[in-house]
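Contents: one structure, followed by commentary.
The values are calculated or read from the model by the stated rules, or taken from the named source; none is laboratory data. All values derive from a computational prediction rather than experimental measurement. Here the Cβ is made from the backbone with ideal geometry for all residues, glycine too, and neighbour counts use every protein chain on show. These accessible areas exclude ligands, DNA and RNA; they are computed on the full protein's heavy atoms, side chains included. Shrake-Rupley method; radii C 1.70, N 1.55, O 1.52, S 1.80 Å.
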Amino acid sequence: MALGIMAAHFWQVESGIASLKQPRFTAFVNPLRPSSGLTNLHVDGRPLPDFNSLCVELGDVEPHDAASIIEHYVRGGDLVAAYADRPARGMRAEIYWRAASHELAGAIAAVELLASVQTSLLDSCPRLLTRSTVTADQVLQLSDVERGGFKPVAPNPRDDVSNVPSDQPDCYLFHLVAADYSYLEMVHPSDAQASHSQWPVAAVRPLVKSAPNRFELHHQLFAERLEKGVILRARVLGVLLDRDGDQAAAARHYAAFISERLPLTT
């Protein structure tokens, strides 16, 4: 199988909860709670506290409504969930958490979020927001695609959301607190309408220098009009890396990601 990962290391579903188990990485997804994304993340058997990634703000599904508005299944390396009347009435959203779509190339794990929306309405304007919450010492943004250069964007008492450069790639690298790992997240340049990091004031100006900083990274997708019969798709990729050499590895993953073709799905 591609990427050298056995099928057993992909998704397994038990009691409605999907688990992803790979040689160095484990995580869980509850399809009824897309806004929680990947939860209970572990690397090398160690938990990554206060870390949720690739969440989709579609609203939670109550168990008694699950049968009528959602279907979910595993296909190869993909965990697929479909939601009726999401993100708005008359629309259908499909979310793929894909564990085998991106070459690991030395990374600990790589999970791609593929979101698609279609509608039965003649004309609509879907808006879909993704979110990852990370506890990190520092956040860097890719600033030079050709040279693979990154520059810090947080924490800095002088910075706020409006100061994050809007003309830079939507590719962010988080140095995780008290860990030898980094988290990389990027949205394909043809897919994002807006991306930004948000953090509370206490994290920008910590009372104790060693206090962990909690960040949220949002990507807004699908701001364009959606016509009946048209399917919109967008991709967000999350990659866990070892801290040593993470910037060079992050640049390589971004270059590979932007060259990957949008997959055809049904």
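Were the residues from ASP137 through GLN12 laid out at 0.36 nm apart, the gain over their Cα-Cα distance would be 41.7 nm.
Counted residue by residue at 0.36 nm each, then reduced by the alpha carbon distance between them, the extension gain from ARG24 to ARG75 reaches 16.2 nm. For the pair ARG252 and SER35 in one chain, pulling the backbone fully straight at 0.36 nm per residue adds 75.2 nm over the alpha carbon distance.
Given R0 = 25 Å, the distance between the Cβ atoms of ALA67 and ALA88 translates into a calculated FRET efficiency of 0.75. Computed from phi, the 3J(HN,Hα) profile of the range 100-112 under the Karplus parametrisation 6.51, -1.76, 1.60 (θ = phi - 60°) reads 9, 8, 10, 4, 5, 6, x, 6, 5, 7, 9, 10, 9 Hz, with x in place of Gly and Pro.
The mean accessible area for residues of the range 1-117, using a 1.4 Å probe and ignoring ligands and nucleic acids, is 43 Å² per residue. When each of the peptides 22-31, 250-259 is scored by how many other beta carbons lie within 10 Å of its residues on average, the order from highest to lowest is 22-31, 250-259.
How high is the FRET efficiency between SER259 and SER120 when r is their beta carbon distance and R₀ equals 41 Å, given to the nearest 0.05? My answer for the efficiency is 0.75.
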